[in-house]
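Student: For reference, the structure I am asking about is given below.
The values are calculated or read from the model by the stated rules, or taken from the named source; none is laboratory data. Remember, it's a predicted structure, so these values are computed and weren't measured experimentally. Cβ coordinates were reconstructed from backbone atoms using ideal geometry, including for glycine residues, and neighbour counts include every protein chain displayed. Accessible surface areas use protein heavy atoms only, side chains included; no ligands, DNA or RNA. Shrake-Rupley method; radii C 1.70, N 1.55, O 1.52, S 1.80 Å.
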Amino acid sequence: MSLNQKNNSQIYTAALVGTGRIGFSLGFDKKREQPASHTMALLGNKRIKLIAAADTDAEHLAEWKKIVKGAETFSSSKAMYSAIPTPDIITIAVNEDSHMSECLAAIAAKPRLIILEKPVALNSIQALEIAQAAEKTGVPVMVNHERRFAADYKKAKAYIKEIGKLQTIRGELYSGLRIYGKEYEKDGAYSLLHDGTHLVDIISWILDEKLTKPIVTGIFKDDKNDVRNFSAHFTTESCAEVTISMSGRSRFFSFGLDILGTEGRICLGNGYAKFYRRKESKLYTGFFSLLKDRSVHLHKKTGYFSNMIQNAVDFLDEREKLQSPLSAAIEDLQVLEEIKALLI
């Protein structure tokens, strides 16, 4: 039997820390593409056996145990690590203010892989402490920046070469959550950290470049002095104008990218993905327009969560590298801190 054949049949064990929304309950949201939680994504992969979960909320654990038959439950991760054999995968899906402590505890348990919810931690100091511990023990950490695994964003990255030289990239996030307020640093309950990590990460990933040295404009603060609007502008080697705009005073949620090249355009976000190419205009003689590229076909499902779990399996099989490594997520956090310093 070859190594690949052997790996194809190996079952990897997994344990979950945190059975709240992203850990469990979003798996029942009928409007979301499923799987939409770590629990459902782990259960959906035939190569993984989910053996345990830990949570301080007894009600969450009880509901989780009804779905994950035969698995053990614990009131803390410490109790779980003491009671069960070290699983191959430990997934951490707790609130941001517990990321560092829970990730360090998981690293000390020495699994073969940790899947950590984004953002890495409340700040880069904590994130680097996680990285140092992971390097010292040799435990790899993958961060769930989900859009890296989604079929529509993968298509967009591959399609970049079709739209000529990049002119502008605009990333936008609109919601009702404050962008930043100093008092919220203790628990991470602000959109720059919670949602901005996705914007920075997906643009950096598409460009294969780190964003740095932002110029921040359009700052708007409310009567509590919380930041509610801003735009951050960057220049990279491949794109002279990269803009990230965020609003925390909108009565809707919207996340999207607009990528403009000299030969085409890509527009994508939550619920849409459109690809355009330069074609002879149907409106004006002697001109060219951007027309929808009908040769691009996308599946109804993006597979954002299931593809992330499959990457974990392929990594353990030694077939693939981690597509969302800890190092990239730390760089995202450092960019957000550069922006934050200009908002205060």
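Student: List, please: which pairs have Cβ atoms under 8 Å, are six or more places apart or on different chains, and start with a residue in the range 136-156 that is more than 14 Å from Gln310 (Cα to Cα) and modelled with pLDDT under 95 and end with one that is part of a loop (DSSP other than H, G, I, E, B) and open to solvent by 10 Å² or more (accessible area, probe 1.4 Å)?
Tutor: none
Student: Can you tell me which residue among Ala133, Ala127 is in contact (Cβ under 8 Å) with a residue 60 or more places away in the chain and under 30 Å from Ser204 (Cα atoms)?
Tutor: Going through Ala133, Ala127 in turn, the sole match is Ala127.
Student: Can you pull out every residue in the range 317-338 that is assigned to a helix (DSSP H, G or I) and either within 14 Å of the chain's Cα centre (by Cα) or buried (at least 22 other Cβ atoms within 10 Å of the Cβ) (or both)? Let's see the steps before the verdict.
Tutor: Of the residues in the range 317-338, the ones assigned to a helix (DSSP H, G or I) are 326-338.
Of everything in the range 317-338, those that are assigned to a helix (DSSP H, G or I) and either within 14 Å of the chain's Cα centre (by Cα) or buried (at least 22 other Cβ atoms within 10 Å of the Cβ) (or both) turn out to be Leu326, Ser327, Ala328, Ala329, Ile330, Glu331, Asp332, Leu333, Val335, Leu336.
Student: Sticking with this one: Among the residues of the range 181-200, which ones are crowded, with 18+ Cβ neighbours inside 10 Å and aliphatic (A, V, I, L, M)?
Tutor: Scanning the range 181-200 gives Leu192, Leu193, Leu199, Val200.
Student: Further question: Could you go through the range 218-241 and let me know if any residue there is within 20 Å of Thr302 (Cβ to Cβ), at pLDDT 95 or above and either of a type outside the set (Lys, Arg) or touching a Gly at 6+ places or on another chain (Cβ under 9 Å) (or both). Spell out how you get there, then give the answer.
Tutor: Taking the range 218-241 as the starting set, the residues that turn out to be within 20 Å of Thr302 (Cβ to Cβ) are none.
No; the residues of the range 218-241 include none that is within 20 Å of Thr302 (Cβ to Cβ), at pLDDT 95 or above and either of a type outside the set (Lys, Arg) or touching a Gly at 6+ places or on another chain (Cβ under 9 Å) (or both).
Student: Okay, moving on. Out of all the residues in the range 94-144, which are closer than 22 Å to Glu338 by Cβ and of a type in the set (S, T, N, Q)?
Tutor: Asn123, Ser124, Gln126, Gln132 - these are the residues of the range 94-144 that are closer than 22 Å to Glu338 by Cβ and of a type in the set (S, T, N, Q).
Student: Further question: Just to confirm my filter: which helices (runs of 4 or more DSSP H) fall fully inside the range 26-120 and include at least 3 residues that are open to solvent by 20 Å² or more (accessible area, probe 1.4 Å) and free of Cβ contacts under 8 Å to residues at least 24 places away in the same chain?
Tutor: 58-67
Student: Looking only at the range 122-133, decide whether some residue is surrounded by 15 or more Cβ atoms within 10 Å (Cβ to Cβ), in contact with a Leu (Cβ under 8 Å, 6 or more places away or on another chain) and assigned to a loop (DSSP other than H, G, I, E, B).
Tutor: Within the range 122-133, one or more residues are surrounded by 15 or more Cβ atoms within 10 Å (Cβ to Cβ), in contact with a Leu (Cβ under 8 Å, 6 or more places away or on another chain) and assigned to a loop (DSSP other than H, G, I, E, B).
Student: Here is a follow-up. Among (1) in a loop (DSSP other than H, G, I, E, B); (2) of a type in the set (A, V, I, L, M); (3) modelled with pLDDT of 95 or more, which single condition is Ile244 missing?
Tutor: (1)
Student: Whether any residue in the range 163-173 is part of a helix (DSSP H, G or I) and open to solvent by 20 Å² or more (accessible area, probe 1.4 Å) is what I want to check.
Tutor: no
Student: Can you name the condition, by its number, that Val139 falls short on among (1) of a type in the set (Val, Ile, Thr); (2) under 28 Å from Gly261 (Cα atoms); (3) not in a helix (DSSP H, G or I)?
Tutor: (2)
Student: Further question on the same structure: Determine whether Arg249 is open to solvent by 60 Å² or more (accessible area, probe 1.4 Å) and in contact with a Lys or Arg (Cβ under 8 Å, 6 or more places away or on another chain).
Tutor: Criteria met by Arg249.
Student: Another question, if that's okay. Take the residues in the range 279-316 that are more than 30 Å from Pro140 (Cβ to Cβ) and of a type in the set (A, V, I, L, M); name whichever of them is least open to solvent (accessible area, probe 1.4 Å).
Tutor: Selected residue: Val296.
Student: Whether any residue in the range 254-267 is without any contact (Cβ under 8 Å) to a residue 60 or more places away in the chain and among the hydrophobic types (A, V, I, L, M, F, W, C) is what I want to check.
Tutor: yes
Student: Which residue pairs have Cβ atoms closer than 8 Å, lie 6 or more positions apart in sequence or on different chains, and pair a first residue in the range 208-237 that is closer than 16 Å to Gly181 by Cα and without any contact (Cβ under 8 Å) to a residue 24 or more places away in the chain with a second residue that is of a type outside the set (Val, Ile, Thr) and open to solvent by less than 90 Å² (accessible area, probe 1.4 Å)?
Tutor: Correct list of pairs: Lys221/Arg228.
Student: How about the range 15-25: which of its residues are surrounded by fewer than 21 Cβ atoms within 10 Å (Cβ to Cβ) and polar (S, T, N, Q)?
Tutor: Of everything in the range 15-25, just one residue is surrounded by fewer than 21 Cβ atoms within 10 Å (Cβ to Cβ) and polar (S, T, N, Q), namely Ser25.
Student: Looking only at the range 74-90, decide whether some residue is among the charged types (D, E, K, R), modelled with pLDDT of 95 or more and within 25 Å of the chain's Cα centre (by Cα).
Tutor: For the range 74-90, residues among the charged types (D, E, K, R), modelled with pLDDT of 95 or more and within 25 Å of the chain's Cα centre (by Cα): present.
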